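Working notes, structure below.
The values are calculated or read from the model by the stated rules, or taken from the named source; none is laboratory data. Quantities reported herein were computed from a predicted structural model and do not represent experimental measurements. Please note: Cβ atoms are built from the backbone with ideal geometry, for glycine as well, and neighbour counts cover all protein chains shown. Keep in mind that these areas ignore ligands, DNA and RNA; they rest on the heavy atoms of the full protein, side chains included. Shrake-Rupley method; radii C 1.70, N 1.55, O 1.52, S 1.80 Å.
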Amino acid sequence: MDKDNRPRWDNPMQFVLACVSYAVGLGNVWRFPYLCQMHGGGGFLIPYFIMLLLEGIPLFYMELAIGQKMRQGSIGAWTSISPYLGGVGLASVVASLYLCLYYNIINGWSFWYLFHSFQAVLPWAECPLNANRTGPLLECERATPTQYFFYRETLNISPSIDENGGIQTGQALCFTLAWALTFLFVIRGVKSAGKVVYFTATFPYVVLLIYLIRGITLHGAINGIKYMFTPKMEELAKPTTWINAATQIFYSLGLGFGSLIAFASYNPYNNNFERQAIAVSFINCGTSIFASIVTFAVYGFKGTVNYESCLERMRMLLLNTFELAEDSITIDNVYEWIGRLNATYPHQIAGLALETCDLNKELDTAVEGAGLAFIVYSEAIKNMPVSQLWSVLYFFMLLLLGVGSMLGNVTAITTPLQDFKIFSNLGSELVNGLVCIFCLLLGLGFTTRSGNYWFTMFNDYGTGFSLLFIVLIEVITVSYIYGISRFEKDIEDMIGHRPNWYWKIMWAAVCPVLLVALFISYIVNYISGGVPTYQAWDKELGKSVMTEYPVYGQVFIGMLMASSVGCVPVTALYVYFRKRKRSNGQQGTVNTIPA
């Protein structure tokens, strides 16, 4: 595509909002709170912000600079630096393609839950009746109504990855709707996406603010917020805490997918991306903390309700067993009464099926991903007054967060394609439409009964390994192949001044060392982890059980991890042999023109 005719953002604010809409996604709402919970609440913020300064902002800055300088998508940008590096951009496109295939199924689930929120009684609030209408379904009773609705009503999940079961109509329709919405938002490239981001980047904050106000007024919310900000400093001594902090920064900012390079390529040449990189990075991380406060307020409410329900069951058990006065035992003195009755009636107390009610245990239960977004939140929402309103707001926010990220994911694929003359002649509407249809058709596999297991496989192994490799090659290329001095001259030409010592030290030394350490730790963890496993739903137990992937699943995981990474050496070899063939052909040509 002619760089002079390249589309542009209407103004710098559109570019910033596009980056915010892309970077601020579902990971801020469900993965960051999970990591906070797992690694000691407020203590996790220390390695998180250190990794933001050492890794996140410098790499974010670097990708924006490359995109704005080269004014091409990921393939063209890295090919411009060296033809041998075109595979880096191609690897980014493959990683973005994998992300597009499975990411939109989450938006499909959001549509499904959103549609089901417009009911007098939320369908995940109660267990459905059995065939004889004499009681609740056994599977639902063994699990919980929220788990049953997600695994059975939404996914109709099979017992293992080996059992396919065909496409589920409801899921397929919602998935198609998610792709239709994505296509409408990207139909004209940055011209349409630039208008949409005003809404997708800002409205989730409105919903989060409403949820924050409502959340902190919920009964027991303060227990969750205290839990979040009570640091467990011993977690800082664990290497996994620092690795997870670095990885969360890495994925949260969307590095390595080519989306940031694509977005920046539509900027004016002299746009000040340095301030924008710093602003977007801090907005993204601030959103993670903001969303976590909301999440832990809801978590505290849910945990307190479960804890008090447990105490109430103990209270009723004691009242019914010992025929005590109704007001003699309260949930505040249950354990005091148990101790008193145990001293008088030890044999009777020993024969009771007493539970252990522990609020900290309720709050310690870490839930990641879809479990947090679609089960834990649903369980809390059903106990809120006017639960339908809160359900609609929450799942609409999830949908906007997901679609905002999809704008960047699709742009990371379509921008490099449109840089090629064969695709640029087709028009952006047709190229975007073909990419969306292609991803929709391939992604229908995630709407089968075993689709959630494939979703988990793509989510766990589809991009993590390849992104670490891609960004490692990127920073080595900029620092040691393209050259720091040449790179800082380019930056000076664009924004009027050279990057200071901080940026140069990060690019030349700190970032490569951190990425190598992450890359090695990923490989070591993968090898030492043994056979890869997934959570298979057991309807007899009413819960997920750890299950090993079959052999073909393990082979497919290997192919996922190798396919995008392999683009780098394969492209380099292709260019090498092509140049060698061309040079041999020129040497073999006989000059027949007389001197």
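Structure summary
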read-out	value
Tally of residues being open to solvent by 30 Å² or more (accessible area, probe 1.4 Å) and of a type outside the set (V, I, T) across region 423-439	9
Failed item in (1) in contact (Cβ under 8 Å) with a residue 12 or more places away in the chain; (2) of a type outside the set (F, W, Y); (3) open to solvent by less than 50 Å² (accessible area, probe 1.4 Å), with Q535 passing the rest	(3)
Pairs with Cβ under 9 Å, 6+ apart, first in region 175-197 and closer than 15 Å to T415 by Cα, second assigned to a loop (DSSP other than H, G, I, E, B) and of a type in the set (S, T, Y)	G189/Y266; V190/Y266; G194/Y266
Candidates I470, I491, I481, filtered to the one that is open to solvent by 50 Å² or more (accessible area, probe 1.4 Å) and touching a residue at least 40 places away in the same chain (Cβ under 8 Å)	I481
Qualifying helices (runs of 4 or more DSSP H) (wholly inside region 154-267; at least 2 residues being open to solvent by less than 40 Å² (accessible area, probe 1.4 Å) and modelled with pLDDT of 90 or more)	169-186, 259-264
Subset tally (residues that are over 12 Å from P12 (Cα atoms), modelled with pLDDT of 90 or more and exposed (fewer than 15 other Cβ atoms within 10 Å of the Cβ)) for region 272-288	3
L560, sole failed condition from (1) more than 30 Å from R142 (Cβ to Cβ); (2) open to solvent by 50 Å² or more (accessible area, probe 1.4 Å); (3) under 21 Å from the mean Cα position of the chain (by Cα)	(2)
Residue count for region 105-153, restricted to those that are among the basic types (K, R) and not in a helix (DSSP H, G or I)	1
Those residues of region 370-407 which are open to solvent by less than 10 Å² (accessible area, probe 1.4 Å), among the polar types (S, T, N, Q) and at pLDDT 90 or above, in sequence order	S391
Helices (runs of 4 or more DSSP H) (entirely within region 411-464) containing at least 2 residues that are modelled with pLDDT of 90 or more and either of a type in the set (A, V, I, L, M) or touching a His at 6+ places or on another chain (Cβ under 7 Å) (or both)	428-443
